[in-house]
1. Using a 10 angstrom cutoff on alpha carbons, build the Gaussian network for the chain and name the most mobile of Leu22, Leu75, Leu114.
2. Between the helical axis of 146-170 and the dominant principal axis of the chain, each derived from Cα atoms, what acute angle in degrees is found, rounded to the nearest 10?
3. At what distance in nm do the modelled label points of Lys81 and Trp227 sit from each other, each positioned 7 Å from its Cα along Cα→Cβ?
4. Accessible area per residue of the chain at 1.4 Å probe, in Å²?
5. Given charges of +1 on the Cβ of Lys and Arg and -1 on the Cβ of Asp and Glu, with all other atoms neutral, how large is the dipole of segment 1-117 about its Cα centre, in debye to the nearest 20?
6. Can you list the trypsin sites (Lys or Arg not before Pro) in segment 25-74 that are in a DSSP coil and have 13 or fewer other beta carbons within 10 angstrom?
7. For the chain, with the dipole built from +1 on Lys and Arg beta-carbon atoms and -1 on Asp and Glu ones, taken about the Cα centre, which of Gln201, Tyr80, Leu98 lies farthest toward the positive end?
8. When the label point is put 7 Å from the Cα of Ile102 along its Cα-to-beta-carbon vector, which residues of segment 189-226 have a backbone N closer than 20 Å?
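The values are calculated or read from the model by the stated rules, or taken from the named source; none is laboratory data. Being a predicted model, the structure only gives us computed values, none of them experimental. Don't worry about glycine lacking a Cβ; one is built from the backbone with ideal geometry, like all the others, and counts go over all protein chains shown. Side chains are part of the model used for accessible areas, which takes the heavy atoms of the whole protein and leaves out ligands, DNA and RNA. Shrake-Rupley method; radii C 1.70, N 1.55, O 1.52, S 1.80 Å.
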Amino acid sequence: MANSILQHPLFGLSLSVISYALANLLYQRWRFMHPLFSCTGFIIIVLVSFRIPYEDFKRGADVLTLLLGPATVALGVPLYKYRELIRRNLARVLISVLAGSITGIAASAVIVGLLGGSQSIILSMLPKSVSSAISIEIAARLGAIPELTAVLTTLTGLLGSMFGTRILRWFRIRDDISIGIAIGTAAHGIGTARVFKDSEQQGGFAGLSMGICGIMTSILFIPIYMWLK
């Protein structure tokens, strides 16, 4: 009976929804507790404590994964709304995203290299700043470890959403366009979802920057791929 419940798709779906609801309650009380961070931690604790196979949880969680497509398409709404503002600042966006993409790749290689990381770990770390779908594919093409890349990409988004805006404001960067570009470039979808809570304009520019960053990063990895081959 218990196994049939755990293997039912509603189990993973229910666990995800309940965990996120609890995480939001914690976030309302302690603002530093990012909902996705505490939600992920709660799910891990439940799965490990009750020795529930990840495959059983994934059957239901995949239902939520299907919603990522419509959610991504919905980012086009603020792009249309702020199309004139985007057009006037397009050069600023392109230059900033390109600089951020190059910096993210180079910094990852330097930091992991200085810490003594192997080539496979370095390659797995390089595409961490773009969305999971793109970073995992890049890692596979490079002969890296896609599973490790997926973890690093998620952590990058979480840390960027938790501390990115605070760090930018600490450096006296407060305008919506700059914050949106920075978070979208460095923290992909998770960071974009976070800044939407502060400002629709921030979210719009973050969504635009996230998409451009994915394209630019993929192009930047072409010479790296050719060099490795």
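1. Leu114
2. 60 degrees
3. For the pair Lys81/Trp227, the computed spacing is 4.2 nm.
4. 58 Å²
5. 500 debye
6. Here the trypsin sites (Lys or Arg not before Pro) that fit, given the DSSP loop and packing criteria, are Arg31, Arg51.
7. Of the options given, the answer is Gln201.
8. Residues 209-226 qualify, since their backbone N sits under 20 Å from the label point.
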